[in-house]
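Read through the structure below, which is laid out as structure tokens, and then see the notes.
The values are calculated or read from the model by the stated rules, or taken from the named source; none is laboratory data. If you're wondering where the values come from, they're calculated on a predicted model, not measured in any experiment. Here Cβ is always computed from backbone atoms with ideal geometry, including for glycine, and neighbour counts include all displayed protein chains.
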Amino acid sequence: AQRYDLTVKEEDRRKAEETRTEEQAFREEIKNKNLEDLQHMKFNLEAKQTKHYTELEQMHQKYSSDTGKKTEEHSKNFEDNKNMTLKIDELARNIARKRSKIDC
């Protein structure tokens, strides 16, 4: 009976050790899966970050280009307007001078 008790105790210890080993292996597997998921998520986020940064750079370049063109157009239109104003003023003076000659 004593030998039987030892065998039962040994069997219980062996089962407990086996359970601990399985539990440790399961924990290790979960840890590795979590690390894998974390790496995958990090990779995806970095890819999205790069994509958005590139899009932002492109939008900034387009904005800068469009703004530069608008500034050039505005400067040209401003200069044209100034020249036309001078011509109109000169023509108005000529008309006024000719009217005064006619009235005399």
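The test for being in a helix (DSSP H, G or I), within 15 Å of the chain's Cα centre (by Cα) and at pLDDT 95 or above holds for Glu57.
Taken together, the criteria place Asp5 among residues that are loosely packed, with under 10 Cβ neighbours inside 10 Å and acidic (Asp, Glu).
Restricting attention to the stretch 87-104, which residues are within 60 Å of the chain's Cα centre (by Cα) and not charged (D, E, K, R)? Residues satisfying the conditions are Ile88, Leu91, Ala92. Could we say that Lys51 is at pLDDT 95 or above and surrounded by 10 or more Cβ atoms within 10 Å (Cβ to Cβ) here? Considered against the rule, which asks whether it is at pLDDT 95 or above and surrounded by 10 or more Cβ atoms within 10 Å (Cβ to Cβ), Lys51 comes out as yes.
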